[in-house]
Amino acid sequence: MAQVYKQTRSDTRSTEELARGVWREADAVCFDVDSTVVKIEGLDELAHFLGVAEEVKAWTKRAMGGSVLFQDSFRARLDICKPSREKIAEFNAMHHLADHLSPGVKELIELLYKMNKQIFLVSGGMRELIEPLAEELNIPPERIFANKLLYDFNGEYVTFDGNQPTSRTGGKPVVVQRVKKEFSKVVMIGDGVTDMEAHPPADTFIGYGGTVVRDKVYKGAPWFVHHFQELLEELLLPSETGLKLAKRMNVKYNSEMKNEKRKPLKAIKNTSKKQDTEKKVNN
C-alpha cells in the first residue's frame with residue numbers, strides 16, 4: 001500500500017524563505033497540470049463536450065478539496081463520462097489543452113530548461129489529454145505521470161489503470177519519490193491537496209492559486225504564489241547569469257513582488273469578487 005505523506009509545516013515567513021531557496025537550487029520540477037499548467041480541468045472540459053458537465057464538476061470540486069479519496073472521485077467521473085477512444089480523439093482535435101496555458105507558465109518552463117532543470121508533469125488527469133500539451137511544452141513522454149484509460153475491443157471505455165500511481169490518493173508522493181532517485185532537489189507545484197501531499201518527499205511544495213485558491217493549500221503550502229511570474233523572477237534575481245537570461249528572454253523584474261507578504265485569504269477572495277463585479281459592469 002502506498003505511503004501517504006502528510007504536510008505538517010506551518011505557514012511562516014521563514015518557511016517561505018526556505019522554500020524560495022529550494023526553488024532556486026532545485027534540479028527537477030514536478031508540475032500538476034489541471035488548474036496549474038492549464039487554466040482548466042481537463043476532465044471537466046471533456047465532460048462538457050460529452051454533455052455531462054454538471055455531474056462531473058461536483059465530483060472534481062470534492063476531489064480537489066480533499067473531502068473524498070481521489071480514486072473514488074476519478075472512478076465516479078469517468079463512469080459518468082464513459083469516454084470512448086473516438087470521443088477523446090474528437091475532443092483533442094477540437095479542444096487542445098495548450099490553448100489554455102496559465103499565464104507565464106510557458107516562459108517559466110523555457111527558463112527552467114535554459115537553467116538545466118528538468119520538468120515532469122504529474123497529474124491525476126488522463127494521459128490521452130496531456131500528451132499533446134507536453135509536446136507543445138517540449139516535455140518528453142517518459143516524463144509524464146498520468147492516468148491511462150482502458151478500453152474494450154470496440155474502443156469503448158471500461159475502466160482506468162489502477163497500477164498508475166496517480167490514479168489514487170497518495171500517488172503523487174510515490175511519483176516524486178521515483179524522481180528523487182535521479183535528482184537531488186525536487187519541487188512540486190500545484191493547486192490541489194493531492195499536490196501538497198507530495199511534500200515530502202519533494203524538498204518543497206509551492207501552492208499555485210492563479211486559477212483557483214483552495215483553502216487547505218493556501219494555508220498549508222510553504223510558499224503560495226498567484227502568478228508564475230513570481231517563480232520566474234525568483235530564479236532570475238540571485239545571479240548575474242539570471243540577469244543575462246532575463247535580458248535574453250525580455251523579462252522585466254518587478255522588485256515589489258518578491259517582498260510582497262502573503263495577503264489574508266479573505267482579502268484575496270474579496271479582491272476576486274470585486275474584479276468579477278467590475279468585469280460585469282464594464283461588459
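Considering K219, K269, the condition of being modelled with pLDDT under 55, outside any loop (DSSP other than H, G, I, E, B) and surrounded by fewer than 17 Cβ atoms within 10 Å (Cβ to Cβ) is satisfied by K269 alone.
Residue-level analysis places V225 outside the set of residues that are modelled with pLDDT under 90 and within 14 Å of the chain's Cα centre (by Cα). When P238 is tested against (1) in a helix (DSSP H, G or I); (2) in contact with a helix residue (DSSP H, G or I) (Cβ under 7 Å, 6 or more places away or on another chain); (3) modelled with pLDDT under 55; (4) within 22 Å of S14 (Cβ to Cβ), only condition (1) is not met.
Among strands (runs of 3 or more DSSP E) lying entirely in the stretch 142-212, which contain 2 or more residues that are closer than 28 Å to L50 by Cα? Where strands (runs of 3 or more DSSP E) fall fully within the stretch 142-212 and carry at least 2 residues being closer than 28 Å to L50 by Cα, they are 144-147, 149-151, 157-160. All conditions but one from (1) open to solvent by less than 10 Å² (accessible area, probe 1.4 Å); (2) of a type in the set (A, V, I, L, M); (3) over 20 Å from F160 (Cβ atoms); (4) more than 14 Å from the chain's Cα centre (by Cα) apply to L78; the one that does not is (3). In the set (1) touching a Pro at 6+ places or on another chain (Cβ under 8 Å); (2) among the small types (G, A, S); (3) at pLDDT 80 or above, A2 fails one condition alone, (3).
When the criteria are applied in full, K87 fails the requirement of being closer than 21 Å to G207 by Cα and either surrounded by 17 or more Cβ atoms within 10 Å (Cβ to Cβ) or at pLDDT 90 or above (or both).
Residue-wise test of (1) open to solvent by less than 30 Å² (accessible area, probe 1.4 Å); (2) modelled with pLDDT of 85 or more.
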{"site": "E16", "(1), (2)": "yes, yes"}
{"site": "R24", "(1), (2)": "no, yes"}
{"site": "E45", "(1), (2)": "no, yes"}
{"site": "A58", "(1), (2)": "no, no"}
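Scanning the stretch 117-160 for residues that are under 20 Å from R75 (Cβ atoms) and among the hydrophobic types (A, V, I, L, M, F, W, C) yields a count of 10.
Take T8 and decide whether it is modelled with pLDDT under 90 and in a helix (DSSP H, G or I).
Working: modelled with pLDDT under 90: yes; in a helix (DSSP H, G or I): no.
Considered against the rule, which asks whether it is modelled with pLDDT under 90 and in a helix (DSSP H, G or I), T8 comes out as no.
Contact map, the stretch 29-51: first residue under 17 Å from M94 (Cβ atoms), second residue of a type in the set (D, E, K, R) and assigned to a helix (DSSP H, G or I), Cβ cut-off under 6 Å, separation 6 or more or different chains; pairs are L43/R77; D44/K57.
P103 fulfils the conditions (1) modelled with pLDDT of 85 or more; (2) over 20 Å from V179 (Cβ atoms); (3) in a loop (DSSP other than H, G, I, E, B); (4) in contact with a strand residue (DSSP E or B) (Cβ under 9 Å, 6 or more places away or on another chain) except for a single criterion, (4). The residue of the stretch 112-138 that is least open to solvent (accessible area, probe 1.4 Å), among those that are in contact with a strand residue (DSSP E or B) (Cβ under 7 Å, 6 or more places away or on another chain) and free of Cβ contacts under 8 Å to residues at least 24 places away in the same chain, is A134.
Scan the stretch 75-98 for residues that are assigned to a helix (DSSP H, G or I) and either within 12 Å of G42 (Cα to Cα) or touching a Leu at 6+ places or on another chain (Cβ under 8 Å) (or both) and the total you get is 9.
The values are calculated or read from the model by the stated rules, or taken from the named source; none is laboratory data. In this text, all values refer to a predicted model and were calculated from it rather than measured experimentally. Positions of Cβ are backbone-derived with ideal geometry, glycine not excepted, and every protein chain shown enters the neighbour counts. Remember, those area values only see protein heavy atoms, side chains included, never the ligands or the DNA or RNA. Shrake-Rupley method; radii C 1.70, N 1.55, O 1.52, S 1.80 Å.
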